[in-house]
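Right, one structure below, let's go through it.
The numbers here are math on the coordinates, done by the rules we state, and not lab data. This is a predicted model, so every value here is computed, not measured. FYI the Cβ positions are ideal-geometry reconstructions off the backbone, even for glycines, and counts take in every protein chain you see.
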Amino acid sequence: MNETTLERRLRASGGLVMLGLMIEIASLTWRHPTAFILFVVGGGAFMAAGMFWFLYTIVSRGGE
């Protein structure tokens, strides 16, 4: 895998995790019952996507 491709994919996965954390932090400041749904579904989905993208990047061969 090309080094720039690896860096670009790792930055994208880090961005997804950061976006998930920002959504979760924003939902913690919100005092409403739907804040929990936003915390779990919104933030959790972005964090899970970032983690899976990171693992896929590490495991994939040849930039496939």
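Brief remarks follow.
- Test for R31: is it charged (D, E, K, R) and touching a residue at least 24 places away in the same chain (Cβ under 8 Å): no
- Candidates T57, T29: the one that is surrounded by 13 or more Cβ atoms within 10 Å (Cβ to Cβ) and β-branched (V, I, T) is T57.
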